[in-house]
Amino acid sequence: QVELVESGGGLVQAGGSLRLSCAASGRTFSTLGMAWFRQAPGKEREFVARISWSGSTTAYADSVKGRFTISRDNAKNTVYLQMNSLKPDDTAAYYCAAGVVSGVRTGEYEYWGQGTQVTVSS
């Protein structure tokens, strides 16, 4: 099993920045692909960004491309999501996910964190 714990969420004004962190334990972190998803009230959980186990491959949802950056530090068993130029539409609960396959569907990930709330005010 893998435990994922997110942190770094909060309230920020539009145009501001936040950095989310996801600390992993319970399994060799470097063997897993990682991703961030988000879910707003009344909406389906949607893909935000993913990164391969090596960190060499990343992908982003069109809605965040150019504003968000996913990265990982395998030595620290941690994945990050740097969020810049935040918009009110970015308001959601953000979830860290891990799995053997690093895709864009929720079903492709075996492990999930508890979520951290990001609220962007206008």
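None of the figures in this text is laboratory data; all of them are computed from the coordinates on show. For clarity, every value in this text was computed on a predicted model and none was experimentally measured. Glycine also receives a Cβ, built like all others from the backbone with ideal geometry; neighbour counts cover every protein chain displayed.
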Practice task
Give me the orientation-averaged projected area of the Cα convex hull of the chain, in nm², one decimal.
Solution key: 6.6
Completion exercise
With 0.36 nm assigned to each residue of separation and the Cα-Cα distance removed, residue 114 to residue 5 gains 38.6 nm
Exercise for the section: Rounded, prolate or oblate: pick one for segment 70-116, where a ≥ b ≥ c are the square roots of the eigenvalues of its C-alpha gyration tensor, a/c under 1.5 means rounded, and failing that, prolate if a/b is larger than b/c, else oblate. Expected result: oblate
Exercise for the section: Describe numerically, in nm with one decimal, the distance between label points set 7 Å from Cα along Cα→Cβ at residue 54 and at residue 100. Expected result: 1.9
Fill in the blank from the handout: A chain fully extended from residue 69 to residue 14 at 0.36 nm per residue, minus the present Cα-Cα distance, gains in nm 18.1 nm
Problem - Nitroxide proxy distance, nm - points 7 Å out along Cα→Cβ at residue 44 and residue 89 - result: 1.7
Problem - Centroid-to-centroid separation of segment 1-57 and segment 59-88 [C-alpha atoms, Å] - result: 8
